[in-house]
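> Below you will find the structure I want to go over with you.
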Amino acid sequence: MSFKSPLSPHLQVYKWQLSSLLSITHRMTSVFNLAGMIFLTLWILLLISGQNTFSYFEMFSSSFIGKFIFVGITWSFSYHLLNGIRHLFWDLGYGYDLKVANLSGIIVLLSSFVLTFLVWFI
Amino acid sequence: MNHVVSKWLMQRVAAVLLIPVLLWFLFHFDNLMNFSYLEALQFLNNRFNVAVISLIFILAFFHMRLGMSEIFEDYIQDEKIRKLANLSILGISSTACLGLGLQAL
């Protein structure tokens, strides 16, 4: 008798739902956050290396691309922070009800944009 | 406690501690990235600011090393490449913390 062990289903075979979309976004933002931490590391290193070298960072952060990236990183941190709180509630055993999980997901998604807006435009 | 369980728990502990410091940090992030050289130095001259940023670096990199190693476990089959990937995260973390330490001297 031949038996083939099942392959783990890949991302593209899933039917998209809010829960799965928010879940993969949590993981994606964790990688963006890594990029954010690398920017912070560069910031510190350029700061140590002196005023002349730091001017490259100033040039970058005042450019459109720099601003776009920093606002993006702010959103990424916001989303991961807020959805992380949602995950912590699940870890404690709360919020598994489908309606509650969907509602908390929508709240997290909207709040992440609100938080980004508050940080950059207020 | 099982090694995997303690990793899981430590990542949550770091996550909980990160919530308040990261919120503080986010509201300084827009200023921080637009600071001139002198403004940045002035910001880091404040002990409270340095303390909070150090806390973020330690907690975030700790949390990140655990999380990233989980992602590498999921997507990298080759053990050597996986180790290399984990080492590079450790390298970035150490560089950042060392840099902050040097800056604070």
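Condition check ((1) more than 10 Å from chain A (Cβ to nearest Cβ); (2) in contact (Cβ under 8 Å) with a residue 12 or more places away in the chain) across all residues:
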| residue | (1), (2) |
| --- | --- |
| B:H3 | yes, no |
| B:V21 | yes, yes |
| B:F25 | no, yes |
| B:M33 | no, no |
| B:I56 | no, yes |
| B:F62 | yes, yes |
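> If B:L17 satisfies every condition in (1) under 24 Å from A:L118 (Cβ atoms); (2) free of Cβ contacts under 8 Å to residues at least 12 places away in the same chain; (3) more than 10 Å from every other protein chain (Cβ to nearest Cβ) but one, which is the exception?
The one condition B:L17 does not meet is (2).
> What pairs can you find where one residue is in region B:72-90 and within 22 Å of B:L59 (Cα to Cα), the other is of a type in the set (D, E, K, R), and their Cβ atoms are less than 8 Å apart, with a gap of 6+ or different chains?
B:F72/B:R82; B:E73/B:R82; B:N86/B:R65; B:I89/B:R65; B:L90/B:R65
> Name every residue in region B:59-91 that is modelled with pLDDT under 95 and either within 27 Å of A:F54 (Cα to Cα) or not in a helix (DSSP H, G or I) (or both), in order of residue number.
Of everything in region B:59-91, those that are modelled with pLDDT under 95 and either within 27 Å of A:F54 (Cα to Cα) or not in a helix (DSSP H, G or I) (or both) turn out to be B:I76, B:Q77, B:D78.
> Given the conditions (1) crowded, with 20+ Cβ neighbours inside 10 Å; (2) away from chain B (no Cβ under 11 Å), which single one is not true for A:W16?
(1)
> Which residues, taken from region B:72-105, are of a type in the set (G, A, S) and under 30 Å from B:N46 (Cβ atoms)?
B:G91, B:S93, B:S94, B:A96, B:G99, B:G101, B:A104
> Another question, then. Take the residues of region A:102-114 that are farther than 13 Å from A:F32 by Cβ and either within 11 Å of another protein chain (Cβ to nearest Cβ) or touching a helix residue (DSSP H, G or I) at 6+ places or on another chain (Cβ under 6 Å) (or both): which is surrounded by the fewest Cβ atoms within 10 Å (Cβ to Cβ)?
A:N102
Yes or no, residue by residue, for (1) more than 9 Å from chain B (Cβ to nearest Cβ); (2) surrounded by 13 or more Cβ atoms within 10 Å (Cβ to Cβ); (3) outside any helix (DSSP H, G or I):
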| residue | (1), (2), (3) |
| --- | --- |
| A:L34 | no, yes, no |
| A:L45 | no, yes, no |
| A:Y56 | yes, no, no |
| A:G66 | no, yes, no |
| A:G95 | yes, yes, yes |
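The values are calculated or read from the model by the stated rules, or taken from the named source; none is laboratory data. Quick caveat: nothing in here was measured; it's all calculated off a predicted structure. Positions of Cβ are generated from backbone atoms using ideal geometry, with glycine treated the same way; all protein chains shown enter the neighbour counts.
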